[in-house]
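Shown next, in structure tokens, is the structure this report addresses.
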Amino acid sequence: MVDSTGGDLGTALAVSVDDVRTAQKTLSGVARATALEGSRHLSALVGSPVHLKCENLQRTGSFKLRGAYVRIAALSADERARGVVAASAGNHAQGVALAASLLGVASTVFMPVGAPLPKVAATRDYGARVRLHGQVVDETLRAAQEYARETGAVFIHPFDHPDVVAGQGTVGLEILEQCPEVRTIVVGVGGGGLAAGIAAAVKQLRPDVRVVGVQAEGAAAYPPSLAAGAPVVLTAPSTMADGIKVGRPGDVPFAIVSRLVDEVRTVSEDALSRALLLCLERAKLVVEPAGASPVAALLEAPDTFEGPVVAVLSGGNVDPLVLQRTLRHGMAAAGRYLSLRLRLTDRPGALAALLRELSEADANVLDVSHVRTDSRLGVEEAEVELRLETKGREHCAAVADALRAAGYTVLG
């Protein structure tokens, strides 16, 4: 393949399709060829077949094992003897820990102080020594790099190395094998290793396939970096999607993404929440917010993707507490909750009658606040605040209309 400047992409870029093929051989028997699952709901929304590449079902729960194993496997005997060190909010940490254990290499992993406890525990279980440092991944990266300088351990970067990018690119080869008719691949982007690897593999074999990257609005370093022509730093990235919460693109992936990835979009926190909820309810797949980012992009602009589409679910390592909060947020964003305040006559049985009306309207009552003594109320009045679970926005309107028809004054 020849790029727009006339250069051969196989030699002009740090990672060629041959590098990715070599990585695929290295990963044989180590990384799973994860399933490609069709989504009828997303297909109907997009108007074309949509498939989910389930890297959330990969060993360690994400694609990160691929790049970590390829990188460590390429080390010399002397480098392996010195051990490896890495920094990660969780997925790369687990990938490095397992890869190092499989290859008989000692590993130390630096993780942010606020890293989800299940990810910290899993990293230790895979055999790594865990050190908590910093509040964001970029601070943790600096600490790990300093440790490498002091001890001689080999630093395994989560995305900024050709071997890591080549390992992640094996996802792209699998997609082409599993869905040869694919027209668009949608993938979440943090530092850019996965997007760069997929693009390096796919574009050199199928330049007609469109590769679209997705970032969270609050942690989108690629759009300004692409506009500037070089990686720029975000001062305070913020998103629930910790797997793509990266303040600066890597140099190696940026060079590939800037030339081969067709577009990098951003999605809102509401869209991420709704996407995670959809994966759980419709696809029966547990996906972390970062892994759901391609689905969020499909939900926000379904008519802008040419199918067949493959959305890469990059990881499923989500803290149960984060999952609980995100699902609640996703249900609210999807109009599945309704908060109402209304007045009724303060008499015995009035609240029970209201609850019967809600039952007949098929609304599930989550919380009730019944106020009978307030200066705003008349002598025979009471005020009720309700939080209801509904079937969606249309059902919300129907419930409110049913209450008004029953004679209740709905205040908001």
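The values are calculated or read from the model by the stated rules, or taken from the named source; none is laboratory data. Just so you know, these numbers come straight off a predicted model, no measurement behind them. Don't worry about glycine lacking a Cβ; one is built from the backbone with ideal geometry, like all the others, and counts go over all protein chains shown. Side chains included, ligands, DNA and RNA excluded: accessible areas come from the protein's heavy atoms. Shrake-Rupley method; radii C 1.70, N 1.55, O 1.52, S 1.80 Å.
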Problem - Cα long-axis angle, helix 91-102 against the chain (0 to 90 degrees, to the nearest 10) - result: 40 degrees
Handout entry: the chain, dipole about Cα centre (Lys/Arg Cβ +1, Asp/Glu Cβ -1), debye to the nearest 20
Key = 720 debye
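Semi-axes of the equivalent ellipsoid of the range 232-272: what are they in whole Å, largest first, if each equals the square root of 5 times a C-alpha gyration tensor eigenvalue?
Equivalent ellipsoid semi-axes, largest first: 21, 14, 8 Å.
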Problem - Long-range amide H partners of residue 108 with built H, under 5 Å - result: 84, 85, 86, 129
Fill in the blank from the handout: Taking the reciprocal of mean 1/r across every pair of different Cα atoms in the chain, the Kirkwood radius in Å is 22.9 Å
Exercise for the section: For helix 350-360, report the angle its Cα long axis makes with the longest principal axis of the Cα atoms of the chain; keep it between 0 and 90° and round to the nearest 10°. Expected result: 50 degrees
Exercise for the section: Give me the angle, in degrees from 0 to 90, between the Cα long axis of helix 393-405 and the longest principal axis of the Cα atoms of the chain, rounded to the nearest 10. Expected result: 10 degrees
Problem - Environment charge of residue 241, counting only residues whose C-beta is closer than 11 Å and scoring Lys/Arg +1, Asp/Glu -1 - result: -3
Completion exercise
Other residues with Cβ under 12 Å from the Cβ of residue 145 give, with Lys and Arg +1 and Asp and Glu -1, a net charge of -3
Completion exercise
Distribution output for the range 25-169: share of Cα-Cα pairs per 10 Å bin in percent, first bin at 0, values 13, 40, 29, 13, 5, 1
Handout entry: Förster radius 30 Å - calculated FRET efficiency between residue 132 and residue 262 (Cβ-Cβ, nearest 0.05)
Key = 0.20
Problem - Relative contact order [Cα under 8 Å, 6+ residues apart], the chain, whole percent - result: 16 percent
Handout entry: Carbon plus sulfur fraction of accessible area for the chain, probe 1.4 Å, in percent
Key = 49 percent
Completion exercise
With a Förster distance of 51 angstrom and the Cβ-Cβ distance between residue 233 and residue 404, calculated FRET efficiency to the nearest 0.05 equals 0.45
Fill in the blank from the handout: The alpha-carbon center of the range 150-191 and that of the range 68-127 are separated, in whole Å, by 17 Å
Problem - Packing rank of 349-355, 172-178, where each peptide gets the mean count of other beta carbons within 10 Å, highest leading - result: 172-178, 349-355
Fill in the blank from the handout: Volume per residue (Å³) of the convex hull spanned by the alpha carbons of the range 134-259 is 110 Å³
Problem - Inter-label distance, nm, simple model (7 Å from Cα along the C-beta direction), residue 321/residue 205 - result: 4.3 nm
Completion exercise
Around residue 123 (Cβ within 13 Å, Cβ-to-Cβ, excluding residue 123; K/R +1, D/E -1) the net charge comes to +4
Practice task
Provide the FRET efficiency to the nearest 0.05 for the residue 82-residue 35 pair, computing r from the beta carbons and using R0 = 25 Å.
Solution key: 0.10
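For a quick protection proxy, order the peptides 216-224, 228-236, 311-319 by their average other-Cβ count within 10 Å, most packed first.
311-319, 216-224, 228-236
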Completion exercise
Cα-based Rg and Dmax for the range 262-316, in Å, come out at 10.6, 31
Completion exercise
Per the C-alpha gyration tensor (a ≥ b ≥ c, the square roots of its eigenvalues), the range 180-339 is rounded if a/c is under 1.5, else prolate if a/b beats b/c, else oblate; here it's oblate
